[in-house]
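Worksheet: one structure, shown below.
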Amino acid sequence: MMKKIVILFVTLFLPLAVWAQSVQEKYIAQYSDIAVQEMLRSGIPASITLAQGILESGSGLSPLAVQGNNHFGIKCHKDWTGRTMHKDDDAKNECFRVYDSPDQSFRDHSDFLRYRDRYKFLFDLDRMDYKAWAYGLKQAGYATDPKYPAKLIKYIEDYNLARFDIVTEAEEAELPQAPNKIEEPVAVRPSVAPSLSVTEKEAVQPSEDYSFALSRKMFSLNGVPFVYAMEGETYESIAKQHHLFRWEILKYNDLEKGAVPRAGEIVYLQAKKNQSPKGLDMYIVSQDGESFHAICQRFGVKEKAIMKLNGFHAPVELSEGDCIKLR
């Protein structure tokens with residue numbers, strides 16, 4: 001009789017926190033491998049991904065997670081062409097993405113952060129500093145809840161999620177560079193040399209000194225040398241200074257015959273690449289009307305190659321949230 005009373009007492013009065021904890025631990029056991037895989041692919045700490053998943057999906061039990069495999073509350077945005085579901089959030093009947101599997105949701109979450117400009121500064125943070133990442137997400141506008149960072153940190157510390165951020169030396173070496181680091185122009189050393197043919201110019205390797213005669217600073221993006229246009233320059237004067245023809249400069253920079261350089265713009269001195277560097281697989285448009293040409297210049301890629309890769313047709317009109325494949 002006493003045994004039955006004890007069992008009844010435990011059943012009725014067992015703290016709800018124990019039940020909640022078991023649900024969270026089950027979520028961690030189920031999705032920690034995916035979070036680690038995404039960390040190795042994107043550079044986002046697994047601890048942050050897991051904490052966000054627990055918080056955003058109610059440990060995988062929210063209607064979005066159960067019905068739509070959406071673990072991070074990512075809304076449709078203009079570029080989403082997949083299935084959708086609607087629910088009230090910041091506004092009534094908002095559109096949310098529906099995925100075929102949780103793996104797709106985790107991957108989309110990684111891409112959502114890595115390839116949007118407003119989140120790229122996060123990847124400059126120490127990957128092991130989960131507190132900086134938590135506050136950085138709030139700073140970037142991922143969530144409106146002022147307690148969002150504290151909630152993530154609590155989950156990470158309560159369940160020791162930081163243990164999933166530890167990798168082997170070999171894995172550390174394979175982690176992708178921060179997007180801002182990959183995009184950063186590299187100063188290169190020009191050297192005086194005779195004019196080169198187009199074939200010879202394209203054969204110059206990024207690790208070599210670039211053979212152009214000039215006294216100004218020269219840089220490289222995506223392995224392609226360039227200079228910044230100065231006030232009062234023309235494409236003809238830039239071409240002449242670097243032993244090129246004007247038509248070559250126009251061709252290298254995807255420009256029309258009547259184009260005029262603006263001070264500070266990038267002017268490539270060799271043909272751009274057909275794809276971006278590894279680690280910059282795509283770009284997610286920041287605002288409506290963004291220039292396709294400017295994006296291709298920014299990443300040192302040919303317009304025609306990127307149009308073909310994405311199935312675009314001229315003219316390319318872009319809206320906020322559009323995803324452009326770069327490789």
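The values are calculated or read from the model by the stated rules, or taken from the named source; none is laboratory data. Computed from a prediction, not measured in an experiment: that's the story for all the values here. Don't worry about glycine lacking a Cβ; one is built from the backbone with ideal geometry, like all the others, and counts go over all protein chains shown. Ligands, DNA and RNA are stripped out before the accessible areas are found, and what is left, the full protein with its side chains, is counted by its heavy atoms. Shrake-Rupley method; radii C 1.70, N 1.55, O 1.52, S 1.80 Å.
Within segment 239-255, being more than 13 Å from Lys272 (Cα to Cα), crowded, with 18+ Cβ neighbours inside 10 Å and touching a Leu at 6+ places or on another chain (Cβ under 8 Å) holds for His242, His243, Leu244. Residues considered: Ala150, Ala91, Ala170. Of these, the only one that is among the small types (Gly, Ala, Ser), within 30 Å of Leu318 (Cβ to Cβ), over 21 Å from the mean Cα position of the chain (by Cα) and open to solvent by 40 Å² or more (accessible area, probe 1.4 Å) is Ala91.
Restricting attention to segment 103-147, the residues that are aromatic (Phe, Trp, Tyr), part of a helix (DSSP H, G or I) and open to solvent by 10 Å² or more (accessible area, probe 1.4 Å) total 5. Residues of segment 256-279 that are open to solvent by less than 80 Å² (accessible area, probe 1.4 Å) and more than 29 Å from the chain's Cα centre (by Cα): Gly258, Ala259, Pro261.
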